[in-house]
Amino acid sequence: MTTVLPRVFPTVVHMLLEAAAVRPDAPALVFGDRQLDYRRYATSVAAFAAELDACGVRGARVATLLPNSIEACIAGFAVPAAGAQHVPLNPLYTARELQQILEDASPAVLVIDERLLGAGEPAAAAARVPRTLVVGPQSRRLDAPAQHPGSLPLPDPDQLALLQYTGGTTGLPKAANINHYRVQGIMFGFNGAMGMRPQDRVYVCLPMYHTSGGVLGPCSALTAGASVVLRERFSTSMFWDDIVNNDCTIFIYIGELCRYLLNGPPQAAETKHKIRLA
């Protein structure tokens with residue numbers, strides 16, 4: 001039997017551009033009652049990338065303090081599209097923990113959810129972050145861009161893609177530089193193993209500030225133009241309803257989540273739906 005390997009792209013932004021060209025009307029992101037097709041997804045990324053570029057981030061870093069959301073997905077692509085390195089931050093960090101990381105990373109811009117200003121704003125001020133962009137339903141949503149933002153800019157694959165911080169359980173969080181080639185290596189292995197199909201719907205509840213949730217989450221469906229169903233956080237009580245109601249076919253997980261599901265009360269939906277684990 002012949003094995004067909006997934007296509008390798010220079011960067012994940014190239015993947016998004018291809019998906020928008022091939023399946024523009026297909027649902028790309030589903031988050032509660034909000035949904036983006038691939039055309040609007042790419043347009044939203046292009047608009048926010050242009051805004052970040054105007055802030056002078058090219059060759060610098062952009063930190064994001066965002067829970068799982070459509071905004072987190074758009075920002076995650078817009079930062080590299082603007083020629084910057086993405087620094088995803090844990091939304092549960094205290095102001096002191098955020099200040100330590102922001103001082104170390106020295107981002108040119110912090111993109112922050114309006115609900116996290118209590119910890120994020122003083123941390124950014126103390127770390128002397130030059131600019132803060134606030135997003136959220138009461139501030140602004142990133143999927144409502146200008147009509148003509150221009151074409152989606154493509155990053156140089158030789159540039160750094162991520163500055164990923166550890167959890168800091170044995171001391172201060174430590175940063176690892178991850179380039180675009182490494183990100184593509186993760187995607188190539190994942191999509192080759194899963195055999196992603198256009199009709200797949202990928203359930204993502206892992207936190208997107210983490211590599212597993214942040215790379216596999218918004219990027220996993222791109223090679224096939226499939227859909228990503230986002231949940232802000234994992235919930236044992238809502239898991240099976242989410243899976244069944246959204247007709248999810250793939251669940252990106254870690255072992256701890258499966259332990260919670262196995263130890264939780266049985267639910268009728270568990271016997272009615274088949275799902276592939278990733």
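The values are calculated or read from the model by the stated rules, or taken from the named source; none is laboratory data. What you are looking at is a predicted structure, and each value in this text was computed from that prediction instead of being measured. Here the Cβ is made from the backbone with ideal geometry for all residues, glycine too, and neighbour counts use every protein chain on show. Quick note on the areas: whole protein, heavy atoms, side chains included, nothing else; ligands and nucleic acids left out. Shrake-Rupley method; radii C 1.70, N 1.55, O 1.52, S 1.80 Å.
Is it true that some residue in segment 151-161 is open to solvent by 10 Å² or more (accessible area, probe 1.4 Å), within 18 Å of the chain's Cα centre (by Cα) and free of Cβ contacts under 8 Å to residues at least 60 places away in the same chain? No, every residue in segment 151-161 fails to be open to solvent by 10 Å² or more (accessible area, probe 1.4 Å), within 18 Å of the chain's Cα centre (by Cα) and free of Cβ contacts under 8 Å to residues at least 60 places away in the same chain. Taking the criterion of being out of contact with any Lys or Arg (no Cβ under 7 Å at 6 or more places or on another chain) and modelled with pLDDT of 85 or more, the residues of segment 205-218 that qualify are L206, P207, M208, Y209. All told, R39 meets the bar of being in contact with an Asp or Glu (Cβ under 8 Å, 6 or more places away or on another chain), of a type outside the set (F, W, Y) and surrounded by fewer than 18 Cβ atoms within 10 Å (Cβ to Cβ).
For segment 119-139, the count of residues that are assigned to a helix (DSSP H, G or I), in contact (Cβ under 8 Å) with a residue 12 or more places away in the chain and open to solvent by 60 Å² or more (accessible area, probe 1.4 Å) is at least one. The strands (runs of 3 or more DSSP E) found wholly in segment 169-231 and carrying at least 2 residues that are under 30 Å from D104 (Cβ atoms) and either open to solvent by 40 Å² or more (accessible area, probe 1.4 Å) or not hydroxyl-bearing (S, T, Y) (or both) occupy 175-179.
Going through (1) more than 26 Å from L16 (Cα to Cα); (2) in a helix (DSSP H, G or I); (3) open to solvent by 10 Å² or more (accessible area, probe 1.4 Å) one by one, Y93 falls short only on (2). Total residues in segment 28-81 satisfying the condition of being in contact with a Leu (Cβ under 9 Å, 6 or more places away or on another chain) and assigned to a loop (DSSP other than H, G, I, E, B): the figure is 7. Return yes or no: is A75 open to solvent by less than 30 Å² (accessible area, probe 1.4 Å) and more than 17 Å from M208 (Cα to Cα)? The answer is no for A75. In segment 39-67, the residues that are under 20 Å from L163 (Cα atoms) reach residues that are charged (D, E, K, R) and outside any helix (DSSP H, G or I) with C-beta atoms within less than 7 angstrom, at least six apart or across chains, in these pairs: C55/R131; L65/D113; L66/D113; P67/D113; P67/E232.
Is it the case, given these coordinates, that Y41 is under 23 Å from A124 (Cβ atoms) and among the aromatic types (F, W, Y)?
no
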